[in-house]
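Below: one structure, written as structure tokens.
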Amino acid sequence: KSSPAGAPERLPFSKVTDEDLAYFRKILPGRTITDPDLVESSNVDWLKTVKGSSEVLLRPQTTEEVSQILRYCYNRNLAVNPQGGNTGLVGGSVPVYDEIILSTSLMNNILTFDNISGILTCQAGCVLENLSLYLEERDYIMPLDLGAKGSCQIGGNVATNAGGLRLLRYGSLHGTVLGLEVVLADGRVLDCLATLRKDNTGYDLKQLFIGSEGTLGVITAVSILCPRKPKSTNVVFLGCETFEELLKTFQLCRGMLGEILSAFEFLDSECMRLLNTHLKLPNPISDCPFYIVIETSGSDPDHDSQKLDNFLEEAIASTFVTDGTVATEESKIKALWSMRERVTEALTHDGFTYKYDISLPVERIYQLVTDMRQHLGDRAKSVVGYGHVGDGNLHLNITSPAKDPALLAAIEPFVYEWTASCQGSISAEHGLGLKKRNYIYYSKPSQAVALMGNIKAMLDPKGILNPYKTLPDNLK
Ligand code: FAD
Ligand code: MLT
Ligand code: ZN
């Protein structure tokens, strides 16, 4: 018996009994959910490609409650699946079998905000967009932004080390997260919730949990360094004839916009076709093979628009770009951003989506899309490329009318071998979850993976936290 994504057989964890439910109901009255209709949506991932069969959803509100749950589950050998906004794209956020779902959705309090340092401390279940709105009222912003902001939670973002649209400017969560509170598998609370920019007292343990996908501990609170809200923001949507010209535009942009550049994203004409067809979003410029979204954020509107004008003049004169439009007011900025942010949603309407999230040397990123198209011929419905050019991160997505094992066999391991041949990463920002765990060796040496196994065994000796995820099957 195996799960849809080919998980190993169910490991010998205990099964939830009436006595267990009675305990959970005692510590979480009204927040121990067993009604199958209510548990259902937490069993299915955002892409609707992975489905578990959990019968219990726990909704703690405090760290102490999370600690009580894990202490109990550890002693009883019950497996637990931590869950935030359930927007993860690699099948890590839902159970594979009957793991208990521990949702952080009710842990949504902001704890402190320091208006001088810009350091925010909050519970893990705060929705990213709510944090952004809270900060904007105080002239700050979150250092990360992603298309899933309306549902994803900061704990989930940290657990996946989400990248997103602002990483080019503000760096990864490994730099902006200053502290974490984590409940370990046996219920111990690890308080590393520091709010210091600098702290070299021993090993930086919080880093272990950033990107650990719920396999090493449950993150219950986060402190994060937030940038000031820019006084001026501009978004430009440009069209290019070739990917080489797009890269030249990137070079020019870095040179001429310098410190005000806050995003450089791309999508190809196939993405545009899906946006037009499935979401009825019209192309804001003329049809081109490639489109770029550039964002600038700065502190002086006149200075920023002067720089942007100079850059655009040069880009047009050098014929790197063939068409474009600029937005300075909020509604047009949002409309242009949605052309990039809503590609993921457009794909879900195109059919069953095979998603790849690849890091490569930036000059190689589109070659993979071209090679994949040629390799698959007419076996795929759509083969599209988009992503974070500024970070060397390609999103290659392939659709088919329905799930298609023969198509999958043509895509994998081709895509992983191609990536490894360029020393790329088979997961740039989405993590490994259930779907990618066994491909880790394409991007990490076996010694590194073995050490990961040792760390897992030390922090979670019974393996109750998010089993079947992240680490390859040969380590379980
Ligand atoms: P979930 O999906 O609930 O969980 C994700 C993983 O983290 C699971 O393994 C889960 O077990 C674990 N987890 C969740 N909460 C905790 C916790 N408190 N403690 C321990 N483990 C926990 N990702 C990017 O990197 N960049 C993007 O630009 C981006 N854009 C996206 C756009 C869309 C439309 C969608 C649907 C997804 C996108 N993602 C992106 C995927 C991304 O991983 C998630 O959106 C987000 O970071 C996950 O947060 P979540 O709260 O939904 O976590
Ligand atoms: C994005 O950059 O849009 C996200 O990572 C989601 C996706 O890959 O579709
Ligand atoms: Zn992305």
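The values are calculated or read from the model by the stated rules, or taken from the named source; none is laboratory data. Computed from a prediction, not measured in an experiment: that's the story for all the values here. Quick reminder, even Gly has a Cβ in these numbers, built from the backbone with ideal geometry, and neighbours come from all protein chains shown.
Please find, among Tyr386, Tyr366, Tyr356, the residue that is aromatic (Phe, Trp, Tyr), farther than 23 Å from Arg437 by Cβ, touching a residue at least 12 places away in the same chain (Cβ under 8 Å) and part of a strand (DSSP E or B). So that I can check it myself, show each step before the final result.
Working: Tyr366 fails: part of a strand (DSSP E or B); Tyr356 fails: farther than 23 Å from Arg437 by Cβ.
Only one candidate passes the filter, namely Tyr386.
Can you find a residue in the range 187-199 that is touching a Lys or Arg at 6+ places or on another chain (Cβ under 6 Å), modelled with pLDDT of 95 or more and either of a type in the set (Gly, Ala, Ser) or under 19 Å from Cys122 (Cα atoms) (or both)?
Of the residues in the range 187-199, the ones touching a Lys or Arg at 6+ places or on another chain (Cβ under 6 Å) are 187, 192.
If we keep only those that are modelled with pLDDT of 95 or more as well, we get 187, 192.
Going one step further and asking which of them are either of a type in the set (Gly, Ala, Ser) or under 19 Å from Cys122 (Cα atoms) (or both), we end up with 187, 192.
Yes.
Are there any pairs, at least 6 apart or on different chains, whose C-beta atoms fall under 7 Å, with the first in the range 139-153 and within 18 Å of Leu106 (Cα to Cα) and the second part of a loop (DSSP other than H, G, I, E, B) and away from ligand 2 (no atom under 16 Å from the Cβ), and if so, which?
Partner pairs satisfying both residue conditions: Gln153/Thr104; Gln153/Ala124; Gln153/Gly125; Gln153/Cys126.
Quick check on my filter: what residues within the range 369-383 are touching a residue at least 40 places away in the same chain (Cβ under 8 Å) and not β-branched (Val, Ile, Thr)? Walk me through it before giving the result.
Within the range 369-383, the subset touching a residue at least 40 places away in the same chain (Cβ under 8 Å) is 369, 371-372, 382-383.
Asp371, Met372, Ser382, listed by residue number.
Could you grab me the full set of residues in the range 152-196 that are touching a Ser or Thr at 6+ places or on another chain (Cβ under 8 Å), more than 8 Å from ligand 1 (Cβ to nearest atom) and assigned to a loop (DSSP other than H, G, I, E, B)?
Going residue by residue through the range 152-196, those that are touching a Ser or Thr at 6+ places or on another chain (Cβ under 8 Å) are 152-153, 155-156, 159, 161, 163, 166, 168-170, 177-183, 187-189, 193-195.
If we keep only those that are more than 8 Å from ligand 1 (Cβ to nearest atom) too, we end up with 166, 168-170, 177-181, 183, 187-189, 193-195.
The answer is Arg166, Gly187, Arg188, Leu193, Ala194, Thr195.
Please go through the range 305-359 and give me each residue that is within 14 Å of ligand 2 (Cβ to nearest atom) and under 23 Å from Glu244 (Cβ atoms), ordered by number.
Met339, Arg340, Val343, Tyr356, Ile358, Ser359 - these are the residues of the range 305-359 that are within 14 Å of ligand 2 (Cβ to nearest atom) and under 23 Å from Glu244 (Cβ atoms).
Take Val384 and decide whether it is farther than 22 Å from His174 by Cβ and aliphatic (A, V, I, L, M).
On the way: farther than 22 Å from His174 by Cβ: yes; aliphatic (A, V, I, L, M): yes.
So Val384 passes the test.
Go through Leu196, Leu238, Leu274 for me and flag whichever is out of contact with any strand residue (DSSP E or B) (no Cβ under 6 Å at 6 or more places or on another chain) and surrounded by 18 or more Cβ atoms within 10 Å (Cβ to Cβ).
Working: Leu196 fails: surrounded by 18 or more Cβ atoms within 10 Å (Cβ to Cβ); Leu238 fails: out of contact with any strand residue (DSSP E or B) (no Cβ under 6 Å at 6 or more places or on another chain).
Just one listed residue meets the conditions, Leu274.
When you check Thr325 against the structure, is it touching a Phe, Trp or Tyr at 6+ places or on another chain (Cβ under 6 Å), at pLDDT 95 or above, over 30 Å from Lys48 (Cβ atoms) and assigned to a strand (DSSP E or B), yes or no?
Details: touching a Phe, Trp or Tyr at 6+ places or on another chain (Cβ under 6 Å): yes; at pLDDT 95 or above: yes; over 30 Å from Lys48 (Cβ atoms): yes; assigned to a strand (DSSP E or B): yes.
Answer is yes for this residue.
Report every pair of residues separated by at least 6 positions or lying on different chains whose Cβ atoms are under 7 Å apart, first residue within the range 63-74 and at pLDDT 95 or above, second hydroxyl-bearing (Ser, Thr, Tyr) and outside any helix (DSSP H, G or I).
Short answer, once both residue conditions are applied: Thr63/Thr220; Val66/Thr220.
Results for (1) farther than 27 Å from Ser151 by Cβ; (2) within 23 Å of the chain's Cα centre (by Cα), shown as yes or no for each residue.
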site: Leu261; (1), (2): yes, yes
site: Glu265; (1), (2): no, yes
site: Glu270; (1), (2): no, yes
site: Asp287; (1), (2): yes, no
site: Pro301; (1), (2): yes, no
site: Leu308; (1), (2): yes, no
site: Ile316; (1), (2): yes, no
site: Glu329; (1), (2): no, no
site: Asp350; (1), (2): no, yes
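Is it the case, given these coordinates, that Gly125 is under 17 Å from Val66 (Cβ atoms), touching a Gly at 6+ places or on another chain (Cβ under 8 Å) and buried (at least 22 other Cβ atoms within 10 Å of the Cβ)?
Values: under 17 Å from Val66 (Cβ atoms): yes; touching a Gly at 6+ places or on another chain (Cβ under 8 Å): yes; buried (at least 22 other Cβ atoms within 10 Å of the Cβ): yes.
So Gly125 passes the test.
Name every residue in the range 14-28 that is over 32 Å from the mean Cα position of the chain (by Cα) and not in a helix (DSSP H, G or I), in order of residue number.
Thr17
Suppose the filter is in contact with a helix residue (DSSP H, G or I) (Cβ under 6 Å, 6 or more places away or on another chain) and not basic (Lys, Arg); does Leu465 pass it? First the steps, then the outcome.
On the way: in contact with a helix residue (DSSP H, G or I) (Cβ under 6 Å, 6 or more places away or on another chain): no; not basic (Lys, Arg): yes.
It is false that Leu465 is in contact with a helix residue (DSSP H, G or I) (Cβ under 6 Å, 6 or more places away or on another chain) and not basic (Lys, Arg).
Of the numbered conditions (1) within 12 Å of ligand 1 (Cβ to nearest atom); (2) in contact with a Leu (Cβ under 8 Å, 6 or more places away or on another chain), Lys48 fails exactly one; give the number of that condition.
Going through (1) within 12 Å of ligand 1 (Cβ to nearest atom); (2) in contact with a Leu (Cβ under 8 Å, 6 or more places away or on another chain) one by one, Lys48 breaks only (2).
Being in a helix (DSSP H, G or I) and surrounded by fewer than 21 Cβ atoms within 10 Å (Cβ to Cβ) is the filter here; which residues of the range 419-439 pass it? Explain how you work it out, then say what you get.
Step one: list which residues in the range 419-439 are in a helix (DSSP H, G or I), which gives 419-421, 437-439.
Within the range 419-439, Ala420, Ser421, Asn438, Tyr439 meet the criteria.
For the range 147-177, give me the residue count where each residue is of a type in the set (A, V, I, L, M), within 12 Å of ligand 2 (Cβ to nearest atom) and under 18 Å from Gly91 (Cα atoms).
2
Take the residues in the range 88-119 that are free of Cβ contacts under 8 Å to residues at least 60 places away in the same chain and assigned to a loop (DSSP other than H, G, I, E, B), then tell me which one is surrounded by the most Cβ atoms within 10 Å (Cβ to Cβ).
Result: Pro95.
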